[in-house]
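What follows is calculated from the coordinates using simple rules that are stated; it is not laboratory data. Owing to the predicted nature of the structure, the values given are computational and were not obtained by experimental measurement. Cβ sites come from the backbone with ideal geometry, for glycine too, and all protein chains shown count toward neighbours.
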């Protein structure tokens, strides 16, 4: 974000990053199958860049491991995210980034549900509806400008 | 008569010359033969014709009514002048200048040649006074520079540069007209090559003090319109001009004079609003460059505007580059304001500026969990580091508030942030102390130390780690850690060593101990080492009869931390003297079996000893301690343990373990490699006498049998012969100048042992020791004879199906390595032997792995640390000489033997420097692709690890093989080994960074194929798949 444009929330709360997941002996063992768990999903989305700040979604506490729910057996994932302020205009974009990241990173068998933590955004329902609509997500990604912003959020720290 | 003949000959010659000259001119002008110019110039240079004659000969062409012909005439003259300007007389130059000045008014087709001629004339040393000014006047008046072609504009700039170099005084006589003429000439220049010249002239105008008068603003306008420079050189640009070059030369112009300040500073403020990141960075760097020249007079008016732009950039940017540039600009401004001399009536602008900064930043420090705390802290630190005066003001505003907040805040994360900010301010700075001024921080020393101590006593790991760093910073500055606080610090650190279980905190504590012990060795020797020793030897608490397992675990952990701490603090001789005896005492107890040390603990003691020896470097005092005390004790204990092993009834000493022996080796070798010559010779003779003759007189506790024969192979016991690794550690790492006594006898014994011993550890160590000695042995008949007999025996043993084949092979391998490293001619026959063994039914796989050993550095012998004779680039040489051979034998090998060749090849390629890999790869690529399909997982893995770095910067040869490569990599995704799957996914990730047009065709296929490993059963594989697939998705898409 450059020039004279003012950010909606110029001085947000910054949270500490959690460390890398610790390697255990079973992780290295060929014969043990590791199920996909909450932490693994959280690791996928925590490093997504915020569209406005040079901070990750984890540092802004937009995503928390607590709000990730995965069931490997039933192939379902549910992620709740919390916009930093209730009127955040970036909420849809953040949700879309999370959704796209999961679509690209999870096996096809998973059903992915991304929505706003209840009671944290003014137009919660509208955003949730957009994110749940497959057609609209697909259409959004056809828009090259939107795709560009989403890709920037997902790229491993541009610049 | 004779005289007349001579004159006649001369006349004839002259006539011939002038005919020749006329011919040349004719052929050039009307015959259009360009090569004739060269011939004419040669004629003029060696005195065959004069310039006057040339002008006469040109006569008709120069006065012709056809502009083309006149042009051709002038061209010839100019080309000749370019080569012969050094031979001209002043009078000739004068005439020529006048001629050319007139020609400037001529037809436009002649113009290029006229300028060339003038350029040549301006290089003349004999340019008559006044000509420079008249040339310039004519050029400015008659040549409309920006309507000329590129090359002619460049010519004009060169004329200016030449004249400025040689006729500075005359040009200055022109007054501001010169600057005006230049401004007009360069106004609108667009070519980067010419811009570099123009900026060079502009820079000269500023530095040599040409008068600008009323044209200052025009001059600034005409150069600053290029700022900020945005230039991307075309691909394959032959001129090699970079954006960086242009930026720097323009910056030198813009920041070159204080008189530009009133124009430049508003321009910078304006450009900082730009959306282009490189423009921002350039503006900030330019601002920082102004700092060295500008003073408060230039800056004061613009400070509020500059500050608000700087603040916005540092506060809002997402880019580290912008932030860094912004901070250095702040620093430069503060530094320049601090330097300026104040006049008595003006206010101190430094204080005004710092007040601005403090007003905007200080309150953010009071919100330690919000984002802006960091940028604010960094700005304040940058300002405070800029000068002593600034640091006085900033510190007195920042420190009390930070310290007070730290003391009143209750949340851990906030206190941690505050402490980290504090640490940033306590960084040792460059100024202040060197001028003999008191450290600014002295007045805050008490509260800082108590903040550190309170944080060290907390249970939060983050807080403790930050506190150790802050403590280190305090300790490094004089006056910030007085004795009483130092003692308290050592107390805290000792407590943390003993009690803290968190690995990261422990590591930070060790680092802090190491740094402080180097500065304050006495405090650590007196207060820390004794307490660590006590903790190591205290018996664990016993509950009932046996210690409960978790308790003994933690006792082990405490001991391990104590041992590491002992190594960390031992950087000064006085501390080594205290810590080493404690470590040796542990080894002694481990040997006698007291105090229940585990073999892991004993190895970690050895690592600590090694670390102490390594960090002491060449310190003679430490060397003496190790030589006199450590080595005899280590050898004594190890040999006692080995002898004990003989009678099975004895106690079980830990020092019998192969793992422990292997850990003692690097200690001895680290010490021996650092001994000074006298001690080194003593060491050599002691070690040799001990192992050859059983002379134990230098070992402590004389409890050894008299007929000690450590190098004799015993068929049923390996304990004694294993000690040969200690001999290797002692004699193979000494400096090359040290002569080993009785080396022949020693070599014979070692050879015998390595051929006949049954225990792998013993015969391998003997072979290594043999190789280590051979490698350092001076050339000569003694060495050759020795090698000849050994080689004969080796060949015989390896070729026969003898039971000792493995032993012979091991020795062969090590001797080959020893000779290969020093480029010994015999090495070829030995390595050829190894190549032929790749086809051997029994030894093929060992031989293939042997190439890894040949090409890599061995940790304990034959490396540079051991002073081995290692010639540079031996790997490249070996590879160059043998790769073709290897490929050939691979092609002719039977299919079931091919794996060994591929393995050998991948070992060889893997150990080559990357530069060589890139050049060799094209030839080897087909083979490496073959290796990817080889069923041996080891070969697959080693090939993948060799391919991956190459893919990051791929050679052209790869692009034709991409199809095959992609197919093979994708096939490896279903390998049963997770390591192979991970490595192949990493290669696929690397492929995504290749140029788009090469890899885009594979995008769909790879994205589909990568969906499978997303569901891999191993998490580590999934992680790599996610990374790779993410990158491939971005490929060819906007926003990458």
_Separation in nanometres of the label points that stand 7 Å from Cα toward Cβ, at residue B:1037 and residue B:411_ = 3.6
*Using a simple spin-label model with points 7 Å from Cα along the Cα→Cβ vector, what separation in nm is obtained for residue B:18 and residue B:1011?*
9.4
*Overall dimensions of the range B:929-1040 by Cα: Rg and Dmax, Å*: 13.1, 41
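What translational diffusion coefficient, in µm²/s and rounded to a whole number, does the Stokes-Einstein relation yield for the range B:715-793 at 37 °C and a viscosity of 0.692 mPa s, taking the hydrodynamic radius as the Kirkwood radius over Cα pairs?
For these conditions, the coefficient is 253 µm²/s.
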*Based solely on C-alpha atoms, express the radius of gyration and the Dmax of the range B:172-233 in angstrom.*
11.8, 40
*Rounded to 10°, Cα long-axis angle of helix A:144-154 versus longest principal axis of chain A*: 50
_Label zone at residue B:83, where the point sits 7 Å out along the Cα-to-Cβ direction: the range B:33-73 residues whose backbone N lies under 14 Å_ = B:34-51
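Applying 1/(1 + (r/R0)^6) with R0 = 51 Å to the Cβ-Cβ distance of residue B:614 and residue A:145, what FRET efficiency is obtained, to the nearest 0.05?
Working: r = 57 Å, r/R0 = 1.12.
Given R0 = 51 Å and the Cβ-Cβ separation, E is 0.35.
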*Evaluate the relative contact order of chain B (contact order divided by residue number), counting alpha-carbon pairs under 8 angstrom at least 6 apart; express in whole percent.*
4
*Give the angle, between 0 and 90 degrees and rounded to the nearest 10, that separates the Cα long axis of helix B:277-290 from the longest principal axis of the Cα atoms of chain B.*
80
*Write down Rg/Rh for chain B, rounded to two decimals, with Rg from the C-alpha atoms and Rh from the Kirkwood relation over Cα pairs.*
1.08
*Shielding by partners - mean other protein chain Cβ count within 10 Å, residues of B:1019-1027*: 5
*Specify the angular offset, from 0 to 90 degrees and rounded to the nearest 10, of the alpha carbon long axis of helix B:677-693 from the longest principal axis of the alpha carbons in chain B.*
40
*Spin-label model distance (nm) - residue B:537 vs residue B:230, 7 Å beyond Cα toward Cβ*: 7.5
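Take the Cβ-Cβ distance between residue B:214 and residue B:961 as r, set R0 to 60 Å, and report the resulting FRET efficiency rounded to the nearest 0.05.
Working: r = 67 Å, r/R0 = 1.12.
Once rounded, the FRET efficiency stands at 0.35.
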*Using a 10 Å cut-off on Cβ atoms, rank the peptides B:217-223, B:480-486 from the highest mean neighbour count down.*
B:217-223, B:480-486
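Arranged from highest to lowest average of other beta-carbon atoms within 10 Å per residue, in what order do the peptides B:25-33, B:1010-1018 appear?
Ranked by mean Cβ neighbours within 10 Å, highest first: B:1010-1018, B:25-33.
Between residue B:457 and residue B:478, take the C-beta separation as r, use R0 = 25 Å, and let me know the FRET efficiency to the nearest 0.05.
Plugging the Cβ-Cβ distance into 1/(1 + (r/R0)^6) gives 0.45.
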*Mind listing P(r) for the range B:74-231? All alpha-carbon pairs, 10 Å bins, whole percents.*
11, 42, 35, 12, 1
*What average count of beta carbons from other chains do you get within 10 Å of the Cβ of residues in A:146-156?*
4
*In whole percent, what relative contact order does the range B:570-731 give with Cα contacts below 8 Å and a gap of six or more residues?*
26
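Looking only at Cα atoms, what is the convex hull volume of the range B:184-342 per residue, in Å³?
Expressed per residue, the convex hull around the Cα atoms of the range B:184-342 is 122 Å³.
Can you divide the C-alpha Rg of the range B:822-918 by 2.2 N^0.38 Å and report the result to two decimal places?
That works out to 1.09 for the range B:822-918.
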_Using only the Cα atoms of chain A, what semi-axes does the equivalent ellipsoid have when each is the square root of 5 times a gyration tensor eigenvalue? Give whole Å, largest first._
27, 19, 15
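Tell me, what is the Rg over Rh of the range B:882-945, with Rh the Kirkwood radius over Cα pairs?
On the way: Rg = 10.9 Å, Rh = 11.7 Å.
Rg/Rh for the range B:882-945 comes to 0.93.
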*asked:* Please rank B:81, B:918, B:998, fewest neighbouring Cβ atoms within 10 Å first, as an exposure proxy.
replied: B:998, B:918, B:81
_Size-normalised alpha-carbon gyration radius of the range B:756-888, reference 2.2 N^0.38 Å_ = 1.00
*asked:* At a 10 Å Cβ-Cβ cut-off, how would you order B:962, B:160, B:970, fewest neighbours first?
replied: B:962, B:970, B:160
*In what sequence, highest mean first, do A:54-61, B:470-477, B:101-108 appear when ranked by Cβ atoms within 10 angstrom?*
B:470-477, A:54-61, B:101-108
*Inverse mean reciprocal Cα-Cα distance (Kirkwood Rh) of the range B:567-615, Å*: 11.1
*Let me have the relative contact order for the range B:929-1040, percent, based on Cα pairs under 8 Å that are six or more residues apart.*
25
_Can you give the log10 of the normalised intensity I(q)/I(0) at q = 0.08, 0.10, 0.16, 0.18 Å⁻¹, computed with Debye over equal Cα scatterers of the range B:570-731?_
-0.21, -0.33, -0.88, -1.12
*Over the protein assembly as shown: Kirkwood hydrodynamic radius from C-alpha pairwise inverse distances, Å*: 38.0
_Give the average, rounded to an integer, of partner chain Cβ atoms located within 10 angstrom of each Cβ in B:305-315._
1
